[in-house]
Amino acid sequence: MLFIAKADNTHYEIEVRESATEWEVGLKEVKTEKKEVYRLSKKDYQQFGEVISFIFNHRSYLIDTVNNGDEYTVFTKGSHKTIELLTEEKMLYKKLAGADNGEGEIQIKAGMPGKVVEIHTKAGDGVKEGTLLLVIEAMKMENEIRAGNDGEVKKICVKEGQNVETGTPLLLLKTK
């Protein structure tokens with residue numbers, strides 16, 4: 001299973017392989033391509049709700065996690081760190097939602113057919129990663145489209161009430 005993790009502006013690829021007795025975890029820092037592989041024994045692992053206890057390199061760890069969407073705050077030994085964690089499914093969704101044209105601009109596209117019900121921004125607005133841009137109703141559910149990067153809205157390509165198909169351009173975001 002493949003994950004992408006972001007912590008303190010550093011991106012990691014995490015690959016997890018499971019056998020009957022252990023997990024093999026490959027951790028690669030994307031920028032430097034530095035890769036490390038760790039093995040965690042299943043016999044030294046226990047989970048109690050959001051709390052995980054395990055032994056790694058002859059040291060005991062107790063980790064508590066708090067989930068908020070794609071972000072996890074991990075508490076251990078008196079400190080904490082917030083990590084954005086994307087699964088293969090979430091990475092595919094983000095890829096379908098926006099396509100980088102190579103010029104620091106991202107065209108955000110509809111990931112499914114639906115109706116634009118709310119637009120929360122306009123051309124020229126500065127946005128931060130996670131800012132709500134617009135809402136599309138699909139199959140009687142509202143889907144929030146949020147900025148995947150900090151940037152500036154260059155162009156809104158749709159209007160409220162407009163029906164869209166999969167792949168319809170919704171807006172253009174100039175990334176910073």
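The values are calculated or read from the model by the stated rules, or taken from the named source; none is laboratory data. Given the structure is predicted, the values throughout are model-derived calculations rather than measurements. Backbone-built Cβ (ideal geometry, glycine too); neighbour counts: all protein chains shown.
Criterion applied to Glu24, Glu84 was being surrounded by 13 or more Cβ atoms within 10 Å (Cβ to Cβ), touching a strand residue (DSSP E or B) at 6+ places or on another chain (Cβ under 8 Å), among the charged types (D, E, K, R) and in contact (Cβ under 8 Å) with a residue 24 or more places away in the chain, and the one residue passing it is Glu84.
Considering the range 93-122, the residues that are over 20 Å from the mean Cα position of the chain (by Cα) and not in a loop (DSSP other than H, G, I, E, B) include one that is modelled with the lowest pLDDT, namely Gly114. Scanning the range 2-17 for residues that are free of Cβ contacts under 8 Å to residues at least 24 places away in the same chain, touching a His at 6+ places or on another chain (Cβ under 9 Å) and under 30 Å from Glu144 (Cβ atoms) turns up nothing.
Just wondering, is there one or more residues in the range 144-163 that are assigned to a loop (DSSP other than H, G, I, E, B), over 20 Å from Asn9 (Cβ atoms) and either at pLDDT below 85 or hydroxyl-bearing (Ser, Thr, Tyr) (or both)? Full working, then the answer.
Taking the range 144-163 first, the residues assigned to a loop (DSSP other than H, G, I, E, B) are 147-150, 157-162.
Adding the requirement that they be over 20 Å from Asn9 (Cβ atoms) leaves 157-162.
With either at pLDDT below 85 or hydroxyl-bearing (Ser, Thr, Tyr) (or both) added as a condition, the list becomes none.
No, the range 144-163 contains no residue that is assigned to a loop (DSSP other than H, G, I, E, B), over 20 Å from Asn9 (Cβ atoms) and either at pLDDT below 85 or hydroxyl-bearing (Ser, Thr, Tyr) (or both).
Out of Lys90, Lys28, Lys81, Lys43, one residue alone is over 30 Å from Pro113 (Cα atoms), in a helix (DSSP H, G or I) and not aliphatic (A, V, I, L, M). It is Lys43. Within the span defined as the range 55-72, one or more residues are in contact with a Ser or Thr (Cβ under 9 Å, 6 or more places away or on another chain), within 29 Å of Ala147 (Cβ to Cβ), of a type in the set (Phe, Trp, Tyr) and assigned to a strand (DSSP E or B). Just so you know, in the range 123-143 the residues that are part of a loop (DSSP other than H, G, I, E, B) and modelled with pLDDT of 85 or more include one that is surrounded by the fewest Cβ atoms within 10 Å (Cβ to Cβ), and it is Gly124.
Answer with yes or no whether Lys77 is under 18 Å from Asn9 (Cα atoms), loosely packed, with under 13 Cβ neighbours inside 10 Å and at pLDDT 75 or above.
Working: under 18 Å from Asn9 (Cα atoms): no; loosely packed, with under 13 Cβ neighbours inside 10 Å: yes; at pLDDT 75 or above: yes.
So Lys77 does not fit the description; no.
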